[in-house]
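Comments concern the structure below.
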Amino acid sequence: MANVVVVGAQFGDEGKAKVTDLLANNADIVVRYQGGANAGHTVVVGDETYKFHLIPSGILYPGKICVLGPGMVIDPKAFIKEVKGLTDRGLDDSRLKVSSSAHVTMPYHMALDAAEEESRGDNKIGTTKRGIGPTYADKCARSGIRMEDLLDREVLKEKLDWMVPRKNVLLERMYNHPPFDAAAILEEYAEYGRQMSKYVCDTSQLIFNAVREKKNILFEGAQGTMLDLDHGSYPYVTSSSPSAGGACTGTGVGPTIIDRVIGISKAYMTRVGEGPFPTEQDGDIGEMLRQTGKAWAEVGVTTGRPRRCGWFDTVIGRYSVRVNGLDCLAITKLDVLDEFDEIQICVAYRDKTDGTIHKELPSMFSKFKQMEPIYKSFPGWKKPTYKIKNYKELPAEARRYLDFIAEELDCPVAIVSVGPTRDKTVVIEDPIHGPKRVLTQAVNP
Ligand code: IMP
């Protein structure tokens with residue numbers, strides 16, 4: 001294999017877990033590098049469905065080491081619950097490693113997340129209320145609690161005695177929230193530390209040693225490029241770095257060890273939470289895409305919120321190819337489009353205020369909000385695709401649709417997923433050992 005980053009190329013929920021799960025077969029170590037229990041990944045193996053929030057989906061393969069990297073924020077209660085759910089189903093947890101530098105989501109982070117959202121009113125972000133933003137805020141303010149602190153009662157006590165009164169001032173005075181008791185938190189979280197100590201280590205060293213032994217590392221992104229704190233639709237983003245660059249900062253490896261970056265996109269698009277979504281469809285089309293009532297309906301794994309649905313957007317696609325340096329794409333959930341008479345793709349935006357056409361994403365958020373999509377229409381294929389195993393067997397209309405995406409994004413489509421299980425996958429080219437993508441030469445406008 002090689003050292004590969006898998007990133008969401010849209011607004012998250014692209015079906016990364018299924019692709020990660022497929023690629024994990026060839027990896028020795030699977031690493032999550034950012035985010036926390038806000039993520040929700042579903043993997044279907046035979047008749048079994050697994051839902052992950054913190055743990056890399058690679059855990060389903062015996063023998064793979066799964067790492068929660070230093071760029072993550074970890075809610076220990078959620079972690080322990082998730083591990084128990086897996087060990088109850090017979091999975092071996094000795095392969096789990098948690099970075100001693102990962103930050104810990106504390107109960108006051110969750111309370112602040114909810115209170116701040118509430119106070120934003122119409123400007124709310126639509127967070128998952130898992131305390132993600134406030135945990136990363138404390139990390140940046142250099143007052144966060146890290147996994148290593150949970151293992152040392154004295155240090156934890158000192159930090160909590162300083163932090164909790166400050167959080168209480170904010171919570172009580174600004175948000176009318178009852179105060180937290182530092183001593184009670186100390187007891188509860190020291191116990192979590194005790195339970196988690198067997199997983200905690202220097203994961204950067206572990207990965208570096210593995211790279212030297214020519215092992216294969218798979219970096220599993222959560223959320224998606226458009227939710228990236230720096231490169232997404234700020235402020236409607238998460239507080240971490242889901243895009244490919246985050247794989248280095250969030251694990252403690254240098255960029256020179258990364259061989260490939262694979263972007264995952266749905267064959268259409270979804271978003272949960274607030275924020276601009278130019279190709280969103282409210283009516284019947286949105287409902288058809290949402291697949292309500294079906295096994296893989298567009299409902300958030302973490303929050304149960306129905307996802308907003310819309311057509312594939314090549315402007316966002318091109319942007320993702322650029323900011324992630326994608327080598328190839330995996331297009332998921334093609335089968336959801338099987339019943340459509342007509343399928344639309346957004347090829348550019350028109351600025352509603354002055355009529356100008358934009359093939360690239362505007363860098364200013366105020367402009368992004370005023371964009372409306374320009375569509376190209378494709379005839380639907382109106383045939384089931386879920387049994388198809390190779391590209392040539394796909395209906396001609398489906399191939400045309402996929403080829404158009406590859407051409408518009410200037411990035412090959414290597415994998416197409418046509419159903420939730422591992423076998424419902426069409427591999428067009430080997431995403432890891434296939435030819436490395438070469439940037440086409442810029443043409444003068
Ligand atoms: P937070 O990450 O909970 O702070 O939420 C910030 C934004 O990211 C909200 O719009 C969430 O709906 C969105 N978000 C967070 N995690 C995910 C995810 O795993 N999939 C899709 N959207 C997410």
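Tabulated values for the structure
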quantity	calculated
Cβ-based net charge around residue 391, under 11 Å, with every Lys or Arg adding one and every Asp or Glu removing one	0
³J(HN,Hα) computed for each position of the stretch 310-316 - Karplus, 6.51 cos²θ - 1.76 cosθ + 1.60, integer Hz, glycine/proline x	x, 7, 4, 10, 6, 5, 5
Charge sum, other residues only, whose C-beta stays under 10 Å from residue 62's C-beta, Lys/Arg counted +1 and Asp/Glu -1	+1
Loop sites in the stretch 344-379: trypsin sites (Lys or Arg not before Pro), DSSP, at most 11 other Cβ within 10 Å	352
Accessible-area ranking of 381, 162, largest first, probe 1.4 Å	162, 381
Separation of alpha-carbon centers, the stretch 5-32 and the stretch 265-325, rounded to whole Å	18
Set 266/294; 51/436; 215/424; 167/369 screened for pairs whose C-alpha atoms are more than 26 Å apart	51/436; 215/424; 167/369
Expected-Rg normalisation [2.2 N^0.38 Å, Cα atoms] applied to the stretch 337-445	1.30
With every protein chain in place, the chain: carbon and sulfur % of accessible area (1.4 Å)	51
Most positive-pole-ward Cα, 67, 123, 291, against dipole of the chain from beta carbon charges	67
Additional length obtainable on full extension of the chain from residue 356 to residue 374, 0.36 nm per residue less Cα span	5.3 nm
Percent RCO, i.e. relative contact order, over the chain, from Cα pairs under 8 Å lying at least 6 residues apart	19
Accessible area (Å², per residue) of the chain, counting only protein heavy atoms and a probe of 1.4 Å	42
Gained length - residue 93 relative to residue 256, 0.36 nm times residue gap less alpha-carbon distance	55.6 nm
Gain on full stretching of the segment that runs from residue 430 to residue 296 - 0.36 nm per residue minus C-alpha separation	45.6 nm
Amide H within-cut-off set for residue 12, under 5 Å, with H built and near neighbours excluded	224, 225, 226
Which of 309, 8, 229, positive extreme of dipole for the chain (C-beta unit charges)	8
Interatomic Cα distance distribution for the stretch 198-249, bins of 5 angstrom, percent	5, 19, 20, 16, 15, 12, 10, 3, 0
For the stretch 71-147 and the stretch 174-218, distance of Cα centres in Å	10
Surface/4 of the Cα convex hull for the chain, nm²	21.9
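The values are calculated or read from the model by the stated rules, or taken from the named source; none is laboratory data. This structure is a prediction, so every number in the text was calculated from the model and none was measured. Cβ atoms come from the backbone with ideal geometry, glycine included; neighbour counts cover every protein chain shown. All accessible areas refer to the heavy atoms of the entire protein, side chains included, with ligands and DNA or RNA removed. Shrake-Rupley method; radii C 1.70, N 1.55, O 1.52, S 1.80 Å.
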